[in-house]
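A short worksheet on the structure shown next.
Bear in mind these aren't lab numbers, they're just calculated from the coordinates by the rules spelled out. None of the values given here were measured: they were computed from a predicted structure. For neighbour counting, all protein chains shown are included, and Cβ atoms are generated from backbone atoms with ideal geometry for every residue, glycine included.
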Amino acid sequence: MTSSAKSNLLHFGMLAGLVILFFILPIYHVGVLSRVMVMAIYAMGFNLLFGYTGLLSLGHAMFFAAGMYGFGLAIKFGGFPVPAAFVVGLMSAALLALVVGLLALRTAGVAFMIVTLMFAQTAYLVVLYFGKYTRGDEGFILQQAERSLFGLDLTSETGRYFTAFTLFAVCFIALAKLVQTPFGKRLVAIRENEERARMLGYDAGRYKLYALIVSGTVSGLAGVSYALLFGYIGATFSTVQYSIFPLLWVLLGGAGTTIGPFIGVLFMFYLIDISSGYTNAYMLIAGVVLVLLTVFAPKGIAGTLKARAFPWLP
C-alpha cells in the first residue's frame with residue numbers, strides 16, 4: 001500500500017471512528033467530542049499558518065472572535081437567518097485576515113509575532129468598547145430558536161455532534177488535500193527556506209498572505225461553529241489566552257501534520273478534564289505533562305510517531 005493510500009485510509013478511518021463513537025460513548029463524552037471537534041477546526045487553521053508556512057501568530061483569537069461576533073451580531077441585531085449569518089461570520093474573519101496580513105506581513109520573525117499580538121489586543125479592546133452591542137466580558141446568549149437550520153434543532157446532542165462533525169470533516173479533508181497541492185508544497189518551501197523559494201521565482205509575500213487569509217477564515221469558521229452550536233458569545237474568546245491555546249494544541253499534536261491539531265486538542269481537553277477530577281491544581285499537572293512532552297517529544301505526538309515509526313503519517 002502506498003503512502004498516499006495509507007494517509008487516505010487514516011483520514012477516512014478517523015472520521016468513521018468519530019461517527020461510531022457517537023453511538024457508543026456516554027452523553028458526557030459525546031458533548032466533549034463536539035467541543036473538541038470545533039476547537040480542532042481552530043487549531044487546524046492555526047496549523048496551516050504556523051506548521052506549514054512557518055509564521056507564528058500570537059493573535060489568532062481575533063479571527064476566532066471575528067467569526068463568532070460576525071455570526072452572533074448578524075443574528076441578534078440584523079435578524080439574519082443562520083445560513084446568511086454564517087456567511088457574514090466567515091467574511092468578517094476573512095476580511096480581518098486580509099487587513100492584518102497586508103500590514104503584519106511587512107514584518108518577519110519576532111516582529112510578526114508582536115504585531116499580531118498587538119492586533120489581537122486591539123480587537124479585544126474594540127469588543128469591550130462596543131459593549132453596548134457585544135456585552136463585553138459578560139457576553140450574550142443566542143436562543144435555541146435562533147440557532148435552528150432548516151427546521152433542524154442544532155442544540156440537541158445529536159444535532160450538535162453531527163453538525164460539529166460535518167464542519168470538522170470538511171475542514172479536515174479540505175486542508176489535508178490543500179497541503180498536498182502545489183500551493184501547499186510552496187508554503188512548506190517557504191517555511192523551510194524562504195530565500196531559496198524566492199530564488200526559485202515564488203512570490204513568498206503573496207503566498208504568505210494567501211496562507212494567512214485561509215488560516216484566519218478557517219479559524220473564523222471555528223468561532224462561527226462555537227456560537228452556532230453552544231450559543232455563547234463573549235469577549236473571553238478574543239483574549240491572548242485564546243491565541244495561545246491553538247499554539248499549545250498544535251505543538252502537542254504535531255505542527256505540520258494534518259492529524260496533529262485534533263490529537264493536541266483531544267489530549268489537552270481530557271488531560272484537564274481527568275486531572276481536575278483529582279485535584280484543584282490540575283493546571284500544574286497539565287504544565288508538568290506539557291514540559292515532559294516538550295522534552296521527550298519535541299515534534300509533538302503525531303510528529304514524533306511520524307519521525308520514529310510511521311513516515312507515511314500525513
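Quick notes
- Among Thr236, Thr257, Thr53: highest mean-square fluctuation, GNM of the chain, C-alpha pairs under 10 Å: Thr236
- Once Rg and Dmax of the Cα atoms in Å is calculated for the structure shown, the corresponding label among (1) 20.3, 76; (2) 19.7, 67; (3) 19.2, 59 turns out to be (3).
- Sorted peptide list for 285-291, 32-38, 100-106, criterion being average Cβ within 10 angstrom, highest first: 32-38, 100-106, 285-291
- Hits among lysines - C-alpha to C-alpha of Lys76 under 18 Å, sequence gap 8 or more where chains match: Lys132
- Relative contact order [Cα under 8 Å, 6+ residues apart], the chain, whole percent: 31 percent
- Per-residue extension of 0.36 nm, minus the Cα-Cα distance of Ile141 and Thr158, leaves a gain of 4.1 nm for this segment.
- GNM result for the chain, Cα springs below 10 Å: residue of Gly136, Gly17, Gly220 fluctuating most strongly: Gly17
- For the stretch 38-50, Karplus couplings with θ = phi - 60° (6.51, -1.76, 1.60), whole Hz, Gly/Pro x: 5, 5, 5, 4, 4, 5, 5, x, 5, 5, 4, 7, 7
- Pairwise label distance in nanometres, Leu284 with Ala16, each label 7 Å out on the Cα-Cβ vector: 4.5 nm
- Short-range pairs are left out: with C-alpha atoms under 8 Å and at least six residues apart, the relative contact order of the stretch 1-119 is 24 percent.
- Computed helical MRE - 222 nm, the chain, DSSP H runs ≥ 4 contributing -39500 (n - 2.57), nearest 500: -24000 deg cm²/dmol
- P(r) tail fraction, the stretch 51-101 - alpha-carbon pairs more than 16 Å apart, %: 43 percent
- Amide H partners (placed H, <5 Å) of Ile233, local residues excluded: Phe140, Leu142
- Taking amide H as placed 1.01 Å from N in the peptide plane, the amide H of Thr239 sits under 5 Å from none that are at least 5 places away or on another chain.
- Estimated FRET transfer efficiency when R0 is 30 angstrom, pair Thr181-Phe150 (beta carbons, to 0.05): 0.40
- Across the stretch 134-141, coupling constants 3J(HN,Hα) worked out from phi with the 6.51/-1.76/1.60 Karplus curve, θ = phi - 60°, read 8, 6, x, 5, 5, x, 8, 10 Hz, and Gly and Pro carry x.
- Counting only chymotrypsin sites (Phe, Trp or Tyr not before Pro) that DSSP places in a loop and that have at most 16 other Cβ atoms within 10 Å, the longest clean stretch of the chain runs over 1-76.
- Taking the Cα centre of the stretch 102-245 as origin and assigning +1 to Lys and Arg Cβ atoms and -1 to Asp and Glu Cβ atoms, the resulting dipole is close to 520 debye.
- When the Gaussian network model of the chain links Cα atoms closer than 10 Å, the mean-square fluctuations of Met118, Met283, Met68 top out at Met283.
- Only Lys, Arg, Asp and Glu carry charge here, each on its Cβ (+1 for the first two, -1 for the last two); on that basis the chain has a dipole of about 700 debye about its Cα centre.
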